[in-house]
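Engineer: I'd like to ask you about the structure that follows.
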Amino acid sequence: QVQLVESGGGLVQAGGSLRLSCVGSGNIGNIDVMGWYHQAPGKQREWVATITRGNSRTYADSVKGRFTISRDSGKNTNYLQMDSLKPEDTGVYYCFAVTFSRVNYWGQGTQVSVSS
């Protein structure tokens, strides 16, 4: 079992920045991939970014050049640096982790609100 806890959400003006954190606990040695999804109000959850255990990063087109995902050397914590935030970035951000056996885990989400 893996537990994920996000933090770092909040209210920011357009053009501002936030840094989200996701800390994994439990059987963290089994975590391969970590990343983030975004769920805007009234919309489906959408993928934002992924980082592998080998630090390979991929991003959704909507956040490329603005968001940066990173992972600590212990591999159980990842960060999402969000710059040049836009009102459409508003919503709940969920951390996810995928184990080597391809089991998915989710955090409880953290709210990001960007005012225009």
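Engineer: 7 Å from Cα along Cα→Cβ at both Ala60 and Glu46: what's the point-to-point distance in nm?
Structural biologist: Distance between the two pseudo-spin positions: 0.5 nm.
Engineer: Could you give me D for the chain, from Stokes-Einstein at 25 °C and 0.890 mPa s, where the hydrodynamic radius is the Kirkwood radius over C-alpha pairs? Units µm² s⁻¹, please.
Structural biologist: 175
Engineer: Which FRET efficiency, nearest 0.05, do Val23 and Gln111 yield, Cβ-Cβ r, R0 25 Å?
Structural biologist: Details: r = 17 Å, r/R0 = 0.70.
With R0 = 25 Å, the Cβ-Cβ based efficiency is 0.90.
Engineer: Here's a follow-up. Working with all protein chains in place, sort Glu6, Glu88 by solvent-accessible area computed with a 1.4 Å probe, largest first.
Structural biologist: Output order, biggest surface exposure first: Glu88, Glu6.
Engineer: While we're on this one: Over the chain, with every protein chain in place, what whole percent of the accessible area is carbon and sulfur at 1.4 Å, could you tell me?
Structural biologist: The C+S portion of the solvent-accessible surface of the chain is 48 percent.
Engineer: For region 29-72, what is the convex hull (Cα atoms) projected area averaged across all directions, in square nanometres? All intermediate terms of the calculation are to be shown ahead of the outcome.
Structural biologist: Working: hull surface 15.4 nm².
Directional mean of the projected Cα hull area for region 29-72 stands at 3.8 nm².
Engineer: If you don't mind, there's one more thing I want to ask. Return a whole-number percent for the relative contact order of the chain, with Cα pairs under 8 Å and 6 or more residues apart as the contact set.
Structural biologist: 37
Engineer: Sum up the charges of everything whose Cβ sits under 10 Å from the Cβ of Leu80, counting Lys and Arg as +1 and Asp and Glu as -1, but leave Leu80 out. Walk me through the numbers on the way to the answer.
Structural biologist: Details: positive: Arg19; negative: Glu6.
With Lys, Arg at +1 and Asp, Glu at -1, the net is 0.
Engineer: While we're here: Give, as a single signed number, the net charge of other residues whose beta carbon lies under 13 Å from the beta carbon of Thr68, with Lys and Arg counted +1 and Asp and Glu -1.
Structural biologist: In short, +4.
Engineer: Roughly how many Å² is the accessible area per residue of the chain, as a whole number, for a 1.4 Å probe?
Structural biologist: 50
Engineer: Would you mind counting up the charge near Gly10? Only other residues with Cβ under 13 Å from its Cβ, with Lys and Arg at +1 and Asp and Glu at -1. Don't jump to the answer; show the numbers that get you there.
Structural biologist: Values: positive: Arg19; negative: Glu6, Asp89.
Local net charge: -1.
Engineer: OK, next. If you keep only loop residues by DSSP, which chymotrypsin sites (Phe, Trp or Tyr not before Pro) in region 83-116 have at most 12 other Cβ atoms within 10 Å of their Cβ?
Structural biologist: Answer in residue order: Phe100.
Engineer: I want to verify a result. In a Gaussian network model of the chain, Cα cutoff 10 Å, which of these has the top mean-square fluctuation: Asp83, Asp61, Asp72?
Structural biologist: With Cα springs under 10 Å in the chain, the top fluctuation among Asp83, Asp61, Asp72 is at Asp61.
The values are calculated or read from the model by the stated rules, or taken from the named source; none is laboratory data. Since the model is a prediction, treat every value here as computed from it, not as a measurement. Note that each Cβ is placed from the backbone with ideal geometry, even for glycine, and that neighbours are counted across all protein chains shown. Protein only, heavy atoms only, side chains kept; ligands, DNA and RNA dropped before computing areas. Shrake-Rupley method; radii C 1.70, N 1.55, O 1.52, S 1.80 Å.
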